[in-house]
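K.L.:
Dumping the structure here so I can ask a few things about it.
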Amino acid sequence: MHKPSLIVIDVRKVTSLKVKMCRAVCLLALIVLISPAAEALDNGLALKPTMGWLHWERFMCNINCDKDPNNCISERLYMQMADVMVKEGWKEAGYEYVCIDDCWPSHRRDAKGRLQADPKRFPGGIKKLADYVHSKGLKLGIYADVGKNTCAGYPGSLGYYETDAQTFADWDVDLLKFDGCNMDWTLLGEGYVNMSKALNKTGRSILYSCEWPLYEWPFQKPNYTAIRETCNHWRNFADVYDSWSSVKSILDWTASHQDIIAPSAGPGGWNDPDMLVIGNFGLSHDQQESQMALWAIMAAPLLVSNDLRDICPRSKELLQNRHIIAISQDALGKQGYRTAKVDSFEVWERRLSKNRLAIAVMNKQEIGGPRGFYVAAAPGWKICDPECNVTQILPQYKEMGVQTPHTKMVVSVNPSGTTLLTVTPTSSDFTGLYKLHWNDTSVKRRQNIIL
Ligand code: GLA
């Protein structure tokens with residue numbers, strides 16, 4: 001770690017007047033936004049953001065098992081991932097689902113109209129694979145599509161929702177990722193709801209991961225109340241790629257729609273900003289830390305898409321960082337959001353259980369070296385009144401001791417990196433809670449006024 005030459009930006013003076021100006025408006029917003037998230041899909045699943053491994057970003061539709069047996073979509077790949085998940089501490093860290101994405105089925109349904117796995121690549125069939133994954137204490141996820149075909153051209157479930165739900169249940173599958181390609185958009189909602197009902201009818205607990213809003217956004221604003229009642233998580237935005245520009249575009253989209261999407265997240269249903277691409281080729285270590293920190297702040301499913309058999313130790317350590325995972329899985333189940341954007345810093349905050357707060361400060365200035373940020377300038381810092389305990393989690397774990405509302409504490413943030421903190425009020429009679437409620441509500445307005 002190099003020692004940063006700090007350029008300190010004091011945004012407190014700039015923000016204080018604006019904060020006062022919007023306080024009245026924000027109090028109004030409080031009434032609207034502290035109301036609890038709508039009813040979640042009542043299947044008892046995803047009470048915390050799902051954790052697991054999903055093949056798509058890293059292995060895509062590689063079906064060439066003759067030339068590339070090690071990386072093709074075959075039962076071997078998932079069995080090997082399951083083995084590594086147990087041996088290398090992934091399961092212990094909380095990663096539980098081993099998920100198949102597109103390109104697993106045969107191009108033809110069987111004589112009874114049921115989907116079947118490609119016989120060459122899955123000689124044992126999906127039931128055997130599920131048994132294997134279960135024998136490791138893990139769960140198996142599978143993929144299908146609400147329309148006529150999957151995105152990669154395999155058979156879709158349109159006209160077969162009940163058959164396919166029952167087939168997955170018979171195979172003892174634990175999660176269904178249901179894509180939205182090749183479907184008339186006006187029928188998307190009906191399709192997603194019908195598959196949800198079909199899954200429920202099987203009597204098996206199958207976590208239901210949707211892409212409904214992603215496919216609806218180009219035409220109309222999705223109904224997040226209905227989506228939350230139907231799905232355990234839902235993709236809103238484009239597929240993640242193994243690049244910083246892709247991760248940034250997901251964060252930008254999320255921040256600019258946070259007033260619409262953040263309130264719909266909670267135990268049982270989560271916004272899904274897509275896979276973690278940590279441990280691949282495209283992100284620097286600082287960028288990997290940013291993705292991990294921000295996915296935890298967003299209460300996002302932590303579905304890793306990389307090659308767990310061959311991953312650099314630092315990426316592995318980051319993905320298994322128990323302090324970050326604790327933020328992701330926090331019992332309060334509230335999604336965090338961007339609370340300030342100033343001088344190429346972004347501050348993202350998430351309320352945690354026991355009146356704590358997670359604060360992520362991301363340095364978006366991609367030139368120069370590390371820059372300093374006064375933590376007291378973070379909008380949520382008001383919970384540190386009269387005192388709080390601060391722990392730095394990224395870039396390295398450090399107890400920062402007791403701080404006050406007017407602390408001069410500065411954190412250093414690398415370009416495209418993130419410093420992640422947790423803030424714990426020291427006394428139970430701290431006055432910050434009321435203010436935090438205020439802070440908690442001003443999702444959109446704060447963006448307009450303070451930023
Ligand atoms: C869509 C989804 C991806 C992946 C591919 C598979 O693009 O958004 O996550 O499932 O289809 O074809």
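K.L.:
Could you go through the stretch 314-319 in sequence order and give the Karplus-derived ³J(HN,Hα) for each residue, using 6.51 cos²θ - 1.76 cosθ + 1.60 with θ = phi - 60°, rounded to whole Hz, and x for Gly and Pro?
P.N.:
Coupling constants for the stretch 314-319: 5, 5, 4, 4, 5, 5 Hz.
K.L.:
How much accessible surface does Glu317 have with a 1.4 Å probe, in Å² rounded to 10?
P.N.:
130
K.L.:
Could I ask something else about it? Which value in deg cm²/dmol, rounded to the nearest 500, describes the helix-derived mean residue ellipticity at 222 nm for the chain, given -39,500 (n - 2.57) per DSSP H run of n ≥ 4 and division by the residue count? Please list the in-between numbers first.
P.N.:
Working: 16 runs with 152 residues, N = 451.
So the calculated ellipticity at 222 nm is -9500 deg cm²/dmol.
K.L.:
Give me the net charge for the shell around Lys148: Cβ to Cβ below 15 angstrom, other residues only, Lys and Arg +1, Asp and Glu -1.
P.N.:
Values: positive: Arg108, Arg109; negative: Asp102, Asp145, Asp164, Asp179, Asp184, Glu190.
Net charge around Lys148: -4.
K.L.:
Pick out, in residue order, every one of the GluC sites (Glu not before Pro) in the stretch 359-416 that is DSSP loop and has at most 12 other C-beta atoms within 10 Å; say none if there are none. Don't skip to the end; give the middle numbers.
P.N.:
Working: sites: Glu366, Glu387, Glu399; in loops: Glu366, Glu387.
When the GluC sites (Glu not before Pro) of the stretch 359-416 are filtered for loop state and at most 12 Cβ neighbours within 10 Å, Glu366 remain.
K.L.:
Quote the charge dipole size of the stretch 51-329 about the Cα centre in Debye, to the nearest 20; the model charges only the Cβ of Lys and Arg (+1) and of Asp and Glu (-1).
P.N.:
Values: 28 positive and 36 negative charges, 132 e Å.
In total the dipole reaches around 640 debye.
K.L.:
Which loop trypsin sites (Lys or Arg not before Pro) in the stretch 309-361, with loop taken from DSSP, have no more than 16 other Cβ atoms within 10 angstrom of their Cβ?
P.N.:
On the way: sites: Arg309, Arg314, Lys316, Arg322, Lys334, Arg338, Lys341, Arg350, Arg351, Lys354, Arg356; in loops: Arg309, Lys334, Lys354, Arg356.
Those satisfying the criteria are Arg309, Lys354.
K.L.:
Looking only at the stretch 51-329, where both bridge partners belong to it, what percent of the DSSP beta bridges are antiparallel (to the nearest 5)?
P.N.:
For the stretch 51-329, the DSSP antiparallel bridge percentage is about 10.
K.L.:
Only sites in a loop by DSSP and with at most 12 other Cβ atoms within 10 Å count here; which trypsin sites (Lys or Arg not before Pro) in the stretch 67-103 make the cut? Mind showing how you got there, number by number?
P.N.:
On the way: sites: Lys67, Arg76, Lys87, Lys91; in loops: Lys67.
Passing both the DSSP loop test and the Cβ count: Lys67.
K.L.:
Of Ala265, Leu54, Leu77, whose Cα points farthest to the positive end of the dipole of the stretch 51-329 (charges on the beta-carbon: +1 Lys, Arg; -1 Asp, Glu; origin at the Cα centre)?
P.N.:
Going by the Cα projections, it comes out as Leu77.
K.L.:
Another question, if that's okay. By what distance, in whole Å, do the Cα atoms of the stretch 51-329 stretch along each of the three principal axes, largest value first?
P.N.:
Result, largest extent first: 52, 43, 32 Å.
K.L.:
In the chain, if the dipole is taken from +1 on Lys/Arg beta carbons and -1 on Asp/Glu beta carbons about the Cα centre, which of Gln287, Gly141, Met400 is farthest to the positive end?
P.N.:
Met400
K.L.:
How much of the accessible area of the stretch 51-329, probe 1.4 Å, is carbon plus sulfur, in whole percent?
P.N.:
Working: 5130 of 10380 Å².
About 49 percent, which is the carbon plus sulfur part of the accessible surface.
K.L.:
Which FRET efficiency, nearest 0.05, do Arg309 and Lys112 yield, Cβ-Cβ r, R0 41 Å?
P.N.:
On the way: r = 37 Å, r/R0 = 0.89.
Using R0 = 41 Å, I get an efficiency of 0.65.
K.L.:
At 1.4 Å probe radius, can you tell me the per residue accessible area of the stretch 51-329 in Å²?
P.N.:
Working: 10380 Å² over 279 residues.
Averaged over the residues of the stretch 51-329, the accessible area is 37 Å².
K.L.:
If we count every other residue with Cβ under 11 angstrom of Ala226's Cβ, Lys/Arg +1 and Asp/Glu -1, where does the sum land? Walk me through the numbers on the way to the answer.
P.N.:
Details: positive: Arg228; negative: Glu39, Glu190, Glu216, Glu229.
Neighbourhood net charge equals -3.
K.L.:
Averaged over every viewing direction, what's the projected area of the C-alpha convex hull for the stretch 82-165? Give it in nm², one decimal, please.
P.N.:
Values: hull surface 24.6 nm².
Over all viewing directions, the stretch 82-165 projects a mean Cα-hull area of 6.2 nm².
K.L.:
Something else: Output the Kirkwood hydrodynamic radius of the stretch 337-425, Cα pairs only, in Å rounded to one decimal. Display every interim value, and only then the final one.
P.N.:
On the way: mean 1/r = 0.0778 Å⁻¹.
Taking the inverse mean of 1/r over all distinct Cα pairs, the stretch 337-425 comes out at 12.9 Å.
K.L.:
Ignoring everything but the protein chains, give the 1.4 Å probe accessible area of Ile126 in square angstrom, nearest 10.
P.N.:
The accessible area of Ile126 comes to roughly 0 Å².
K.L.:
Please compute the net charge surrounding Ala130, taking Lys and Arg as +1 and Asp and Glu as -1 over other residues with Cβ under 9 Å from its Cβ. Present the calculation step by step, with values, prior to reporting the outcome.
P.N.:
Details: positive: Lys127, Lys128, Lys139; negative: Asp131, Asp172, Asp174.
Neighbour charge sum, excluding Ala130 itself: 0.
K.L.:
Further question: Suppose we flag chymotrypsin sites (Phe, Trp or Tyr not before Pro) only when DSSP calls them loop and at most 15 other Cβ atoms lie within 10 Å. Which is the longest uninterrupted stretch of the chain? Walk me through the numbers on the way to the answer.
P.N.:
Working: sites that count: Phe219, Phe281, Tyr397.
With a cap of 15 other Cβ atoms within 10 Å, the longest stretch comes to 1-218.
K.L.:
Keeping the other protein chains in place, figure out the carbon and sulfur percent of the accessible area of the stretch 337-425, with a 1.4 Å probe. Walk me through the intermediate numbers first.
P.N.:
Working: 1430 of 2860 Å².
The nonpolar share, carbon plus sulfur, comes to 50 percent.
The values are calculated or read from the model by the stated rules, or taken from the named source; none is laboratory data. Model, not experiment: these values are computed from the prediction. Neighbour counts are summed over all protein chains in view; Cβ atoms, including those assigned to glycine, are modelled from backbone coordinates with ideal geometry. Just so you know, the surface numbers come from the protein's heavy atoms only, side chains and all, with ligands and any DNA or RNA stripped out. Shrake-Rupley method; radii C 1.70, N 1.55, O 1.52, S 1.80 Å.
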